[in-house]
Amino acid sequence: MSTVKHFLRTVVGRAYPRLVGVWREKSWLIFDVLFPLLQVSAYVYIYRAIGAPPEFSGFAILGGATIAYWMNVLWSMASQLYWEKETGNLQLYLLAPTSRMAILLGMALGGLTATTVRAAGVILVGALLFRVPLQVSHGALFLGVFLLTLVALYGLGMLLSSVFLLWGREAWHLSNLFMEPVYLLAGFYFPVRALGLGLALAASVIPITLGLDALRQLLYPQLMENFRVLPVEAEMGVLAGLAVLFVFLARGGLRFFENLARREGRLTLRGQ
Amino acid sequence: MASYDLAVKTEGLTRIFRLRKREARDGAREILALDRVTLEVQRGELFGLLGPNGAGKTTLIKILATLLLPTSGRAYVAGIDVVENPVEVRRHINMVVGGETSGYGLLTVEENLWMFAQFYGIPSREARRRILELLALVGMADRAKTKVYHLSSGMRQKMNIVRGFLTNPEILFLDEPTLGLDVQTARTIREFVRRWLEEHPDRTILLTTHYMHEADELCDRVAIIDRGRILACAAPWELKTALRQEAVFRLRVEGIADAKAALDGMPEIRALAQHAEDGQLLLDLVLASEEALVSVLARLSASGARLAELRKEEPTLEDVFLALVGRKLTEDQDEHS
Ligand SMILES: Nc1ncnc2c1ncn2[C@@H]1O[C@H](COP(=O)(O)OP(=O)(O)O)[C@@H](O)[C@H]1O
Ligand SMILES: [Mg+2]
């Protein structure tokens, strides 16, 4: 059997539980749509109260949808391998004669697809509820930026996943630690440029930052002229670079962990 | 299939675990989990590793399954060095661990098994066929669509067993496959394993257990392992026959609290285990010869013990272990069969 086929089977196999999970655990859906929406509405009402143009509400909704992805990366990607270690899945993954990257990729693709359902929910409900103008001028470009952002974001998720594996028990605390500051730094609810160019560029290691910025530029070109971090093309370039870098580092991280675990006997927690 | 006669071969395999400061046991920062283990398992064998908890069974299995590196020594699986070429070894093996909680509760039994089959590159249709066939063999044909979180622990373990055989491995490692299971489920699993090997005579199974009946019933050959060392390795009947020149007695005595102390220093006693039950003391005795019984009884009587029951028995693997190690295999008797 060809290596490519084997790789793809592994990806699909590992993505499957994620995809099925969306429909079997409907409670997640409610939580994942409702929670971002609540946050979004807080910002929408503030923007309205201060008489900001309706586009600002659009910023917030777009940010809210993106938060669904960020939460997925943080809670279902980053700590995933650590959790798999506890259940004993990890050692079976490593036992299998397949690519470890295919496993990670399956995890990412499954999560990404499942989250898209939630993100779409946020946008749909948000746009209807607040009657926000969402007109995409450059459809293909918009989609391209969006996909590129997701690739970079889930690349980061893959990297965090192998890093958290090394940190073990601290993984949960790390997830918590990452959550709030990122809400602010990535500019989920307002153009990140408002933080100042320096901080905005620093926050760009998180792919959402530039991704959101580029999407907003495409959505509201006039308004964003004074708020953008970099031109869309440059932002896309950075995102692509980040994607490659993260995936590359994730691969190294996982390899490092596997070797360490084989040396030190850390593949499982218990005596099993 | 690769050409090899020895499914597993180890030479002086040693594994030391270094502990962190807070994990240190009795001040020791190192654990010698495997101590120069040299083993050969023939292709087609059902080979058992029998030993108590902490003997090093899992450590050995993990090294062979490429999940752990040895500290020194060598190991070959399907003729391939597990340290030099783990990727290649993985194509020939699979592993199931007792009490495993692998897979995803949200998925059905069939979906879970299918997922693992994908990691081995098995086409979906072929995977489904094998899954249904194997589930039927372990009596779970009607459970294919049950979600895993609804399974009892016995069912779950049967699903895990199916996962191991699903990939049709040349060499399968079963680490305490019936650990903690009820009698019936354990029996189903044993029968399944035995039958599968009869139908696939070129496949090899290396099984670990601390249930002596399991080793006795199931295995072609057994290695007895304790504290990381292989103490004996032969067919169960050979191990037991070796003891037959000696004599195994079971005694039930009253009026004495510690027979070990009373019988201390008698050279005729090869091994002795005692445990209290209903105010009486049960003794397992391995004696150098039958004649030695007379002096043992005399010594017990002199210590105030009264004999309530005396039986001469065919030796079991438990007695073999007792004779080799001086302790019983299962100190707290959780034998389930
Ligand atoms: N990862 C580990 N770190 C430290 N000690 C370990 C580790 N794994 C096993 N041990 C120790 O090595 C010894 C052998 O363990 P194990 O191989 O699990 O025995 P068994 O499977 O026969 O019960 C035990 O003393 C156990 O505590
Ligand atoms: Mg064990």
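Odds and ends about this structure:
- Inter-part distance where the range A:97-122 and the range B:248-301 are each reduced to a Cα centre, Å: 65
- Accessible area per residue in Å² at 1.4 Å probe, computed on the range B:8-111: 39
- Long-range HN-HN contacts of residue B:34 with modeled amide H, under 5 Å: B:15
- For residue B:80, no residue 5 or more places off, or on another chain, has a built amide H under 5 Å of its own.
- Based on alpha carbons, the Rg and Dmax found for the range A:188-272 are 19.0, 62 Å.
- Accessible area buried, both sides summed, chains B and A with 1.4 Å probe, Å²: 3300
- Overall form of the range B:248-288 per C-alpha gyration tensor (a/c, 1.5; a/b vs b/c): oblate
- The HN-Hα couplings worked out from phi for the range A:136-141 by the Karplus form 6.51 cos²θ - 1.76 cosθ + 1.60 (θ = phi - 60°) are 8, 7, 9, x, 5, 5 Hz, whole numbers, x standing for Gly and Pro.
- The packing ranking of peptides B:22-35, B:226-239, highest mean first, is B:226-239, B:22-35, where packing means the average number of other beta carbon atoms within 10 angstrom of each residue.
- As computed over the range B:245-313, the Cα convex hull volume per residue (Å³): 72
- Number of partner chain Cβ atoms within 10 Å, mean per residue of B:109-120: 5
- Between helix B:153-166 and chain B: long-axis angle, C-alpha atoms, 0 to 90°, nearest 10: 60
- Scattering profile of chain B at q = 0.09, 0.11, 0.15 Å⁻¹ [log10 I(q)/I(0), Debye over alpha-carbon scatterers]: -0.57, -0.80, -1.23
- Solution diffusion estimate, µm²/s, Stokes-Einstein, the range A:19-117, Kirkwood Rh from C-alpha pairs, 10 °C, viscosity 1.306 mPa s: 102
- Taking each DSSP H run with n ≥ 4 as -39500 (n - 2.57) and averaging over every residue of chain A yields -26000 deg cm²/dmol at 222 nm.
- Over all projection directions, the Cα-based convex hull of the protein assembly as shown averages an area of 33.2 nm².
- Whether the range B:71-226 is rounded, prolate or oblate, judged on the alpha carbon gyration tensor where a/c under 1.5 counts as rounded: oblate
- By DSSP, the beta bridges lying fully in the protein assembly as shown are antiparallel in about 70 percent of cases.
- Straight Cα distances below 25 angstrom link residue B:62 to the lysines A:85, B:9, B:21, B:158, with same-chain residues fewer than 8 positions distant left out.
- Remark: chain A is approximated by an ellipsoid whose semi-axes, taken from the C-alpha gyration tensor as √(5λ), come to 35, 19, 18 Å, largest first.
- Protein heavy-atom surface of the protein assembly as shown, 1.4 angstrom probe: 58% of the accessible area is carbon and sulfur, with nucleic acids and ligands not counted.
- Placing B:269, A:123 in order of accessible area, with the largest value first and a 1.4 Å probe, yields A:123, B:269.
The values are calculated or read from the model by the stated rules, or taken from the named source; none is laboratory data. Computed from a predicted model, the values in this text were never measured in an experiment. Please note: Cβ atoms are built from the backbone with ideal geometry, for glycine as well, and neighbour counts cover all protein chains shown. Side chains included, ligands, DNA and RNA excluded: accessible areas come from the protein's heavy atoms. Shrake-Rupley method; radii C 1.70, N 1.55, O 1.52, S 1.80 Å.
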